[in-house]
1. Considering only segment 117-133, I want to know if a residue exists there that is more than 23 Å from D86 (Cβ to Cβ) and out of contact with any strand residue (DSSP E or B) (no Cβ under 8 Å at 6 or more places or on another chain).
2. Going through segment 138-161 one residue at a time, which ones are assigned to a loop (DSSP other than H, G, I, E, B) and under 14 Å from E106 (Cβ atoms)?
3. Kindly establish whether A65 is hydrophobic (A, V, I, L, M, F, W, C) and touching an Asp or Glu at 6+ places or on another chain (Cβ under 6 Å).
4. Just give me the residues in segment 128-170 being in contact (Cβ under 8 Å) with a residue 12 or more places away in the chain and among the hydroxyl-bearing types (S, T, Y), in sequence order.
5. Among the residues of segment 1-56, what is the count of those that are in a helix (DSSP H, G or I), free of Cβ contacts under 8 Å to residues at least 24 places away in the same chain and open to solvent by 30 Å² or more (accessible area, probe 1.4 Å)?
6. Can you tell me which residue in segment 62-97 is farthest from the chain's Cα centre (by Cα), limited to those that are charged (D, E, K, R) and more than 13 Å from P125 (Cβ to Cβ)?
7. Please state which one of Q64, Q101 is in contact (Cβ under 8 Å) with a residue 40 or more places away in the chain, open to solvent by 10 Å² or more (accessible area, probe 1.4 Å) and touching a helix residue (DSSP H, G or I) at 6+ places or on another chain (Cβ under 6 Å).
Amino acid sequence: LPRFAAAQRYAGLEEAALEFVEHAEPDCLVRLIHTLPTVAEQGALGECKQLLDIAFPTIAKAGQAGECVAPLRAVAAVAAAAKGADAAETFRPALVEALRQGPGKELPDTAAVIAQAGLADRAVPLATALERFDMLAALAPGRAALHGSFGAGRIVANDGETVRIAFARPSGPNMPSAHASRTLT
């Protein structure tokens, strides 16, 4: 698959994708998705979208979409850099599902973090929403936290600006997100 992508043999990649779908081979389809950044860097964004449309439903159905987060982020970044933020939007639905099945599985409330990050809102640019998702997921409401001075606590809310934490001892502070990401474990 990587050699087909490097040689710009997109028809061969499509044939392989169709075979993998026919034989229900999600592991092979995940490897195919990992070649998409190479295809995108060659300027073949239409081919990327076509291959994604063929491969991704089988991958998502198998619960393996989380394995595709990195290549999908890379494809979206290449698309945005080459043709603007709107070009990255075609990859948003697959990327959101990949985040849901990947890093989102470890969050107390994945849907809330996705919504609050703006990933569900096409009016929020994808790059901005992804950056916000990373920040919110790191300090997601419901997660336990440890502060050097205040002790153990639980994150109650994180609006992207301020993190509110309920510590075991009263009088714990609300913290700016940047400060919280540096001082909380």
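The values are calculated or read from the model by the stated rules, or taken from the named source; none is laboratory data. This is a predicted model, so every value here is computed, not measured. So basically every Cβ, Gly included, is an ideal-geometry build from the backbone, and we count neighbours across all protein chains shown. The area values use the complete protein model at the heavy-atom level, side chains included, leaving out ligands, DNA and RNA. Shrake-Rupley method; radii C 1.70, N 1.55, O 1.52, S 1.80 Å.
1. no
2. Matches in segment 138-161: L139, A140, P141, G142, R143.
3. Spelling it out, A65 is indeed hydrophobic (A, V, I, L, M, F, W, C) and touching an Asp or Glu at 6+ places or on another chain (Cβ under 6 Å).
4. T162
5. Matching residues across segment 1-56 total 7.
6. Among those that are charged (D, E, K, R) and more than 13 Å from P125 (Cβ to Cβ), it is K83.
7. Being in contact (Cβ under 8 Å) with a residue 40 or more places away in the chain, open to solvent by 10 Å² or more (accessible area, probe 1.4 Å) and touching a helix residue (DSSP H, G or I) at 6+ places or on another chain (Cβ under 6 Å) holds for just one of Q64, Q101, which is Q101.
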